[in-house]
Amino acid sequence: MPPEGGTTNASLRKVSRMSITRRTFLEAAGVILAAGHRLRAEDGPPVSVAVIGTGARGSDLIRALTTIEDVELIGVCDDYPPHLEQGAKYAGPKAKTFADYRKLLDDLKPQAIAIAVPLHLHYQIASDCLAADCDVFLEKTMCYTIAEAQKLAQQVAASKRVFQVGLQRRANPIYRQAQAMVEAGMIGQVTSIKAQWHRNNSWRRPVPVPKTDANWATLEKRLNWRLYKAFSAGLMAELGSHQLDVVNWFLGTHPKRVFASGGIDYYRDGREVPDNICCLYEYERTPPQKPNKEAGAKPYTVRVNYTSLCNNAYEGAAELIMGTKGSLYLTSAKGLLFQEKGADTVNWGADKDRPEAEVNAAVVTAGKTLKLSNDPWAHRGTPIEIDIEEGNDTRDEMISFIDHVRRRDVKTIADTTVGLMDCATVLIANSAVEVGGWVEFPTLS
């Protein structure tokens, strides 16, 4: 997919050979990054926006929206008073407050809605907002079930409203640049991907009343909804959705199947979703067609390893895209391109001066005989940086959404096609944990 605004990858192709200099790399990078989001699509009144759900993530969206020139934030809604008070503070005195989102829709009739509520509420609230003729920004994961996501996608198509899922890496200039580099062949043929979101905390939020309080149990589940199956799809939906979307985006397809293992092994505190999960996805990908080569390249398998932990923060949240010519190590704040140094040239064949037995012995003891390095950093080389001085991908994704609203362009950076594919990708991993085996990717209508 070319970057938004129609920029091609022609300049990247010019430097796709492995003898990239930092200057030519940055010149190519500038072409892609210059195709970022426009702050104003055209002259005219600002877009009236309301936010439903003013917890931590909803407050992030509110703060971002208040910095965008094209936006008039007219209302915020939450049925938990402390969150509503917090959201109102960030939104400013002109934004009206509501405990019931239906009343907000009736009274304010906003042009666009940003939704940041627990996952099990996504479908119904988004559906009601579309029925009220609102454009919708819906936080990831798109829906609690694949069936709900399919129904919502159908409703969006029928409504012709602008719709975007909150997969903010799609708006991050580092990831946009990296995706263009992969598409241009700068790291060669993608062979493997490793991604993780590791943290060292329980994922549990404190409850502001003692356990002796009659409302403690209800309030605890409200605040810690991510830990309970009735409200949440766990680590895959809340964290893995971002990173598996990157994989789908970069590979240009969805997985064929997944095997996953996870459990509640460390925080045995009443939660119902795993505190750790390890997944192996298999993707079938056709390599990019090379110039002057015959058409019909055969598909091959790309295996993707994904882990999410709550008991060790090593490596944090990152993705490693590995190709035959290089690797991209990506985070939301920095990207690194490592160029492959190339394989050692070794004569594996037997001849009269080197009998077969000697060759076989060299193969068996290759680590020493051929002087192959076991140093995990030996083949990485000096990285080329994809860097931004200041970045806020939450704000960037909201700018993109508002730009599409103003231009009535339904092809957002994370539309229903992207959102539905991402939803299915992460939810089948949870199914694989439950069945203890491979789960195939479903047919999506």
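Bear in mind that the values in this text are calculations on the coordinates, not laboratory data. This is a predicted model, so every value here is computed, not measured. Positions of Cβ are generated from backbone atoms using ideal geometry, with glycine treated the same way; all protein chains shown enter the neighbour counts.
Annotations
- Backbone HN-Hα couplings from phi across segment 237-247 [Karplus 6.51/-1.76/1.60, Hz, Gly and Pro as x]: 6, 7, 10, x, 4, 5, 7, 6, 5, 4, 4
- Residues with amide H under 5 Å from that of His254, placed H, sequence gap 5 or more: none
- Unit Cα scatterers, Debye sum, segment 148-292: log10 I(q)/I(0) for q = 0.09, 0.16 Å⁻¹: -0.43, -1.08
- Listed by Cβ neighbour count within 10 Å, with the fewest neighbours leading, Thr191, Thr301, Thr416 appear as Thr301, Thr191, Thr416.
- 3J(HN,Hα) along segment 267-284: 9, 8, 10, x, 5, 10, 10, x, 9, 7, 8, 9, 10, 10, 9, 10, 10, 9 Hz, from the Karplus curve 6.51 cos²θ - 1.76 cosθ + 1.60 with θ = phi - 60°, whole Hz, x for Gly and Pro.
- Sorted fewest first by neighbouring Cβ atoms within 10 angstrom, Trp225, Trp197 come out as Trp225, Trp197.
- Less than 5 angstrom separates the built amide H of Val71 from those of Val47, all sequence-distant by 5 or more or on a different chain.
- Neighbour-count ranking [beta-carbon atoms within 10 angstrom, fewest first] of Val182, Val439: Val439, Val182
- 3J(HN,Hα) from dihedral phi, segment 209-224, Karplus parametrisation 6.51/-1.76/1.60, rounded to Hz, x for glycine, proline: 9, x, 4, 6, 5, 4, 9, 4, 4, 5, 5, 4, 6, 5, 7, 10
- Distant-in-sequence amide H partners of Ser192 (H built 1.01 Å from N, under 5 Å): Met322
- The alpha carbon gyration tensor of segment 33-178 gives principal lengths a ≥ b ≥ c with a/c below 1.5, which makes the shape rounded.
- For segment 159-178 and segment 212-271, distance of Cα centres in Å: 22
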